[in-house]
1. Restricting region 95-126 to residues that are open to solvent by 80 Å² or more (accessible area, probe 1.4 Å) and in a helix (DSSP H, G or I), which is farthest from the ligand (Cβ to nearest atom)?
2. Read through the list (1) out of contact with any helix residue (DSSP H, G or I) (no Cβ under 6 Å at 6 or more places or on another chain); (2) closer than 18 Å to GLU133 by Cβ; (3) open to solvent by less than 70 Å² (accessible area, probe 1.4 Å), then give the number of the only condition that ASN55 fails.
3. Could you list, in sequence order, all residues of region 68-91 that are out of contact with any strand residue (DSSP E or B) (no Cβ under 6 Å at 6 or more places or on another chain), more than 8 Å from the ligand (Cβ to nearest atom) and within 23 Å of GLU39 (Cα to Cα)?
4. Considering only region 53-94, state which residues are within 20 Å of GLY138 (Cβ to Cβ), part of a helix (DSSP H, G or I) and of a type outside the set (D, E, K, R).
5. Considering only residues that are within 19 Å of GLU33 (Cα to Cα), in a loop (DSSP other than H, G, I, E, B) and open to solvent by less than 70 Å² (accessible area, probe 1.4 Å), which ones fall in region 128-150?
6. List pairs: first residue in region 59-82 and farther than 15 Å from CYS123 by Cα, second residue open to solvent by 10 Å² or more (accessible area, probe 1.4 Å) and part of a strand (DSSP E or B) anywhere in the structure, Cβ distance under 6 angstrom, at least six positions apart or on different chains.
7. Contact list please: Cβ distance under 9 Å, first residue in region 116-134 and touching a residue at least 40 places away in the same chain (Cβ under 8 Å), second residue acidic (Asp, Glu) and buried (at least 19 other Cβ atoms within 10 Å of the Cβ), pairs at least six apart or on different chains.
8. Out of region 64-92, which residues are of a type outside the set (A, V, I, L, M, F, W, C) and buried (at least 18 other Cβ atoms within 10 Å of the Cβ)?
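The values are calculated or read from the model by the stated rules, or taken from the named source; none is laboratory data. Keep in mind the model is a prediction, meaning the values are calculated, not measured. No Cβ is skipped: glycine too gets one built from the backbone with ideal geometry, and neighbour counts run over all protein chains shown. Ligands, DNA and RNA are excluded from the accessible area calculation, which covers all protein heavy atoms including side chains. Shrake-Rupley method; radii C 1.70, N 1.55, O 1.52, S 1.80 Å.
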Amino acid sequence: MSNGHRIEVMHGVNFDVLDRRDPALYGGLSLLELERRIESFAQELGLRVRFFQTNFEGEMVERMHRLAGEADAVLINAGAWTHYAWAIRDALEVAKLPSVEVHLSDVDGREQWRRVSIFEGLCLAKFAGEGPEGYRLGLQALSKALTGTR
Ligand code: DQA
């Protein structure tokens, strides 16, 4: 059954060329194919999703500033920004919405610098290394947070 919660699914830098990135790490899907998968996960959970992708940090920040009233929660894969773009954390904090961080690859099992996440302590959960399935887990976690179920 649909509860109609609105989830803003935000893709950061380099996700527009997802199908040109290392398939061993990122699965070889195009962004559109990934979004179709996310859309079907959302349907199963009765959530409404809206997608946003940008390669410009300022655009991501401005989108976050406008989220209040437009979305109920955020599912974000900020790509490499995750590891150093503190302004994005501050902007997400301004949105005051429950959020979950997701990564296709296992960021904690790769280079040391990918272990840092600017979202730590802000996002309510992080799913990494599960491929597209991580987005399903993220949507589930947000759905639970929004409906107060466990
Ligand atoms: C990523 C992991 C990041 O470290 C990397 O910079 C990306 C993709 C992932 O989904 O695995 O762009 O966020």
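1. Selected residue: GLN112.
2. (2)
3. Correct list: ALA68, GLY69, GLU70.
4. MET60, MET64, GLY79, ALA80, TRP81, THR82, HIS83, ILE88, ALA91, LEU92
5. GLY129, GLY131, PRO132
6. ARG63/PHE52; ALA71/ARG6
7. Sorted first by the residue in region 116-134, then by its partner, the pairs are PHE119/GLU101; CYS123/GLU101.
8. Scanning region 64-92 gives ASP72, ASN77, GLY79, THR82, ARG89.
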